[in-house]
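Each remark here refers to the structure printed beneath this line.
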Amino acid sequence: MLVILRSDCTAAAAAAVEDMIRSLGYRPVPVPGANRTAICVTGNKAAVDGAALRHLPGVLECIAVTRPYKLVSREVQPEDSVITVADVRLGGDAAAVLIAGPCSVETEARTLRIAEAARTAGARMFRAGAFKPRTSPYDFQGLGHEALHTLSRVREEFGLPVVSEVLDKDHVAAMAEHVDVLQVGARNMQNFALLRALAGVRKPVLLKRGASATLTEWLMAAEYLLAGGNDQVILCERGIRTFADHSRNTLDLNVVPLVRQLSHLPVVVDPSHGVGARDRVRAMARAAIACGAQGLLVEAHFDPSSSYTDADQTVDLATLQGIARDLALLGKLEPL
Ligand code: PEP
Ligand code: MN
């Protein structure tokens, strides 16, 4: 339930509404907005009976929230969320953001070279993995803590905010020191211990959709972050597992306009993992922007075939530049 306060509601009256919500056994979460102030009732298992709240001083109305996710829903917050990372704004009316980099952090020299080229191409954030989730325990697992120092150098030398995946809740504090946006990978979308740890961090989280997650499951994972106190969440569609075997995953662009209807959180698309083949990444990047994605996450390298991981889907720098040009052109489309 959403309790909408009157515009002249005093702080004391708002506090009394929160106290009443607590005394009913629920948790109040204030939701400030451009046009209204509201308090969201969370923690209820069934519909909340608004009788005890509706007539309190300062209350305008009580609205039932029909979705299982509350704080991420547009019912609770009608305005788009805009996530600010250093000088980059993502979401709302901000221009679509290109996030690029190699799949893994490589040697410092190679990583800095890619970062500089990515910035020249038009990337506004750099993304590379220090800790890699690999299907085989024998495969390269990432350079780990050493790579975090390389990411810090990227940030210092090129002024690019950095995004990197956090695999383990015990790494959250160390990663938060070096990284501007913490990525939750597809395999960890429902790692609830990790989500709870990230809810307590004052850094944005890029939450990838699990390979077999429904839209509701994905938004419920985001709800863990908001319910725990972190409202800086960027959703990322990266393809789902289907019967189709002509691409690594099936990039589910259907979900993009739907997420934007149902949630105020920004959504970006990762065509690299969605397709798995470098010759089709640009086409799907175009499609993603055209259907309303507010950013792209693209794996790129000066010598894609020598990438430590995900070489097949890594584009070269000329293609990355092309994607940046497409993004600028398609950004002129009228909003949906
Ligand atoms: C990655 O971003 O390199 C990665 C492992 O992605 P995903 O979690 O989408 O598979
Ligand atoms: Mn990858």
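The values are calculated or read from the model by the stated rules, or taken from the named source; none is laboratory data. It should be emphasised that the depicted structure is a prediction, and the values quoted were computed from it without experimental measurement. For neighbour counting, all protein chains shown are included, and Cβ atoms are generated from backbone atoms with ideal geometry for every residue, glycine included. Surface areas here come from the heavy atoms of the whole protein model, side chains and all, with no ligands, DNA or RNA. Shrake-Rupley method; radii C 1.70, N 1.55, O 1.52, S 1.80 Å.
What is the helix-to-structure angle for 281-290, meaning the angle in degrees between its Cα long axis and the longest Cα principal axis of the chain, kept from 0 to 90 and rounded to the nearest 10? Tilt of helix 281-290: around 30 degrees.
In the context of the full set of protein chains, the chain has a per residue accessible area of 44 Å² (1.4 Å probe). Dividing the alpha-carbon radius of gyration of the chain by the rule-of-thumb value 2.2 N^0.38 Å gives 1.04. Working from Cα pairs under 8 Å separated by at least six residues, relative contact order for the stretch 244-336 is 26 percent. For the chain, DSSP calls about 45 percent of its internal beta bridges antiparallel. Working note: Karplus 6.51/-1.76/1.60 with θ = phi - 60° gives the stretch 2-13 the couplings 10, 9, 8, 8, 5, 5, 9, 5, 7, 4, 5, 5 Hz, where Gly and Pro are set to x.
Relative contact order, whole percent, for the chain stands at 16, derived from Cα pairs under 8 Å and 6 or more residues apart. In the complete set of protein chains, residue-level accessible area for Phe140 is approximately 70 Å², probe 1.4 angstrom.
Relative contact order, whole percent, for the stretch 86-197 stands at 22, derived from Cα pairs under 8 Å and 6 or more residues apart. Between the stretch 200-272 and the stretch 275-300, what is the C-alpha centre distance in whole Å? Spelled out, the Cα-based centre of one part sits 15 Å from the other. Each part reduced to its alpha carbon centroid, the stretch 312-336 and the stretch 60-107 end up 21 Å apart.
Which order do His171, His55, His149 take when ranked by solvent-accessible area (1.4 Å probe, heavy atoms of all protein chains), largest first? Display every interim value, and only then the final one.
Details: His171 40, His55 155, His149 110 Å².
Putting His171, His55, His149 in descending order of accessible area: His55, His149, His171.
Ignoring ligands, DNA and RNA, what percent of the accessible area of the chain is carbon or sulfur (1.4 Å)? Heavy-atom surface of the chain belonging to carbon and sulfur, 1.4 Å probe: 52 percent. Between amide H atoms placed 1.01 Å from N, distances below 5 Å from Tyr308 occur with Ser104, all of them 5 or more places distant or on a separate chain. Take 101-107, 177-183 and order them by the average number of nearby Cβ atoms within 10 Å per residue, most first; the result is 101-107, 177-183. Lysine pair count for the chain with Cα-Cα distance under 26 Å and sequence separation of 8 or more or different chains is 9.
Across the stretch 246-257, rounded Karplus estimates of 3J(HN,Hα) from the backbone phi angles (6.51 cos²θ - 1.76 cosθ + 1.60, θ = phi - 60°) give 8, 8, 4, 9, 9, 5, 8, 6, 3, 6, 5, x Hz, Gly and Pro being marked x.
Derived scalar couplings between HN and Hα for the stretch 199-215 equal 5, x, 9, 8, 9, x, 10, 9, 9, 6, 6, x, 5, 10, 8, 6, 4 Hz in order, rounded to whole Hz, by the Karplus curve 6.51 cos²θ - 1.76 cosθ + 1.60 (θ = phi - 60°), x for Gly and Pro. Judged by the ratio a/c of the largest to the smallest principal axis of the C-alpha gyration tensor, the stretch 1-47 counts as oblate, that ratio being 1.5 or greater while a/b is no larger than b/c.
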